[in-house]
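The values are calculated or read from the model by the stated rules, or taken from the named source; none is laboratory data. Everything quoted here is computed from the prediction, not taken from an experiment. All Cβ positions, glycine included, derive from the backbone under ideal geometry; neighbour counts span all protein chains shown. The protein model used for the area step is the full one, side chains on, heavy atoms only, and it has no ligands, DNA or RNA in it. Shrake-Rupley method; radii C 1.70, N 1.55, O 1.52, S 1.80 Å.
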Amino acid sequence: MKKNAPAQEDLVLHGVSITHPDRIVFERGRITKGEVARYYAAVAPFLLRDIRSRPITVVRCPSGVKADCFYQRNVGFGLGPHVHPFSWEYKGRSYKYIYVEDAQGIMEMIQVGVIEIHPWGATIDTIHMPDRMIFDLDPDEHVPFAKVKEAALEIRTRLKQAGLDSFLKTTGGKGLHVVAPLAPASPWDEVKDWARALAHQMVQDAPDTYVATITKAKRRGKILIDFFRNDYTATGIADYSLRARPGAPVAVPLEWHELTALHSANQFDMEAVLKRIQGHAVQQAEPKQRLPRSTPERMHVHATHADDSPDGSAPRRSAA
C-alpha cells in the first residue's frame, strides 16, 4: 500500500502559522509564500512605523501574482483576530476599513495571501486630519528615470522653501514618492488643495515636462504629479511593502543623498532590503510640521502666477 506523502510543516512567525510555505507566489525567481512571510516577519518593525493604526487597503494574491489578485479594505473573510475593523461616517457615507497594531496582524495578512499594503495618510485617531502629504511622480513610459529624479528634487526644493522637510521613497514600480510629514492639524481638503496648487504651479512652470491630470492622453512624454493621494479613501504604497509584480520589487524609503545613485524605482528586491536593514534600528518619529498658510503660488519659487485650471479627475483609491 502506498504511503501518503508527509504533510508539509507550517512555518510559525511572530506566533502565526504560515501554511503551504513552499507554494510558489512569484514565478520569476520562484519565490515562495514562506520566503514572502520571512521577509515580512523581518521588516515588520520598520513596516509598522508606516502603517500602525492607519486604515489600509491590501492586495491579496492567494494563488500567486499571476493568478487573480484582488483589493480588500475591510475584514470580509479570511483575516485573523489581530487585523482589526474600523468604521466611521463622513458626509453621510459609511466607511469600513482594516488596520493593524502589531507584527501578528501583519503575519495574519500574509498567511491569507496579502502581497501589497497601502495605508491611508491619516491614523484612526485623527481620521479627518492627515499627517502626511504625498506627491506621487508617475512617469510616462518614454520618460527617462533621470527626469523623475529631477522632479523629486524639484518638489523637495519647493517644499523646503515653504518650510517643509520631505522624505523620498521608491514605489517598486516606475515612480517615486515625495512625502512631507504633517501635524494632524489641517483637514483633508486643505492638504489636498495645497498639494494641488504646488503640482499645478510646477505644470505651469514646465508644461512640456509635467502634468497634473490623470487623463492618459495628456500624459504622453510627461511626468504626472499625482496629488490625488491626499484625499479620503486614497492610499499610497507602504514603506517596505512588496509589489505584486514580477520579481517581487519592494517600495523602499531612501535618504535624499541616495537619489544620485538610484537607477530605477524597482531596483530593490527582498534580499537587498534585508541586507539594507541589517543592524539598523527603526527610525524615530518623523517631524510633525504644520501645513504652511501660504499657498505654493505665492511662494515665488519659480513663477508668480497660479494655475487655476481644473484637473477634472476623481481621487485615486490605491497606488498603481
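How large is the accessible surface per residue of the chain, computed with a 1.4 Å probe and reported in Å² as a whole number? Show your work: numbers first, answer last.
Working: 15190 Å² over 320 residues.
Heavy-atom SASA per residue in the chain reads 47 Å².
GNM on the chain, C-alpha springs below 10 Å: top fluctuator among Tyr95, Tyr210, Tyr40?
In this elastic network of the chain, the residue with the biggest mean-square fluctuation among Tyr95, Tyr210, Tyr40 is Tyr95.
Let me know the shape class of segment 1-154, please: from the alpha-carbon gyration tensor, a ≥ b ≥ c as square roots of the eigenvalues, rounded when a/c is under 1.5, otherwise prolate if a/b is greater than b/c, or oblate.
oblate
Straight-line reach from Lys192: which lysines fall under 27 Å, measuring Cα to Cα and dropping same-chain residues less than 8 apart?
Counting by Cα, and skipping residues close in sequence, Lys192 has these lysines nearby: Lys91, Lys96, Lys147, Lys149, Lys160, Lys169, Lys174, Lys216, Lys218, Lys222, Lys288.
If amide H atoms are built 1.01 Å from N in the plane of the peptide, which residues on other chains or at least 5 residues away come under 5 Å of the amide H of Leu254?
Under 5 Å from the amide H of Leu254: Leu168, Lys169, Thr170.
How much length would be gained if the chain were fully extended between Arg245 and Lys216, taking 0.36 nm per residue of separation minus their Cα-Cα distance, in nm to one decimal? Show your work: numbers first, answer last.
Details: separation 29, 0.36 × 29 = 10.44 nm, distance 2.17 nm.
Length difference between fully extended and current span is 8.3 nm.
Please give the charge dipole size of the chain, origin at the Cα centre, charges +1 on K and R Cβ atoms and -1 on D and E Cβ atoms. Round to the nearest 20 debye.
560 debye
Using a 1.4 Å probe on the protein chains only, how many percent of the accessible area of the chain belongs to carbon and sulfur?
Taking all protein chains in place, the chain shows 50 percent carbon and sulfur surface.
Can you give me the relative contact order of the chain as a percent, contacts being Cα pairs under 8 Å and 6 or more apart?
19 percent
Per residue, how big is the convex hull of the chain when only Cα atoms are used? Give it in Å³. Intermediate values should be presented prior to the final figure.
Values: hull volume 48.1 nm³, N = 320.
Convex hull of Cα atoms, per residue: 150 Å³.
If the reach is capped at under 16 angstrom between alpha carbons, list the aspartates and glutamates near Lys66, excluding any in the same chain fewer than eight residues apart.
Those aspartates and glutamates meeting the cut-off are Glu27, Glu116.
Give the angle, between 0 and 90 degrees and rounded to the nearest 10, that separates the Cα long axis of helix 145-161 from the longest principal axis of the Cα atoms of the chain.
That works out to roughly 60 degrees.
Just going by the charge dipole of the chain, with Lys and Arg at +1 and Asp and Glu at -1 on Cβ, which of Val282, Pro187, Phe228 is farthest out on the positive end?
Phe228
Select from Leu47, Ile24, Gln72 the residue farthest towards the positive end of the dipole of segment 16-78; place +1 on Cβ of Lys and Arg, -1 on Cβ of Asp and Glu, and compute about the Cα centre.
Sorting the options by dipole projection puts first Leu47.
Going by amide H atoms built from the backbone, whose H comes under 5 Å of the H on Met133, apart from near neighbours?
The answer is Ala180, Leu182.
If you average 1/r over every pair of different alpha-carbon atoms in segment 198-266 and take one over that average, what Kirkwood value in Å do you get?
14.5 Å
So what is the relative contact order of segment 1-149, in percent, for Cα pairs below 8 Å that sit 6 or more residues apart?
Working: 231 pairs, mean separation 34.6, N = 149.
Dividing the mean separation by the residue count of segment 1-149 yields 23 percent.
Given springs between every Cα pair under 10 Å in a Gaussian network model of the chain, which of Arg196, Arg54, Arg245 has the largest fluctuation?
Arg245
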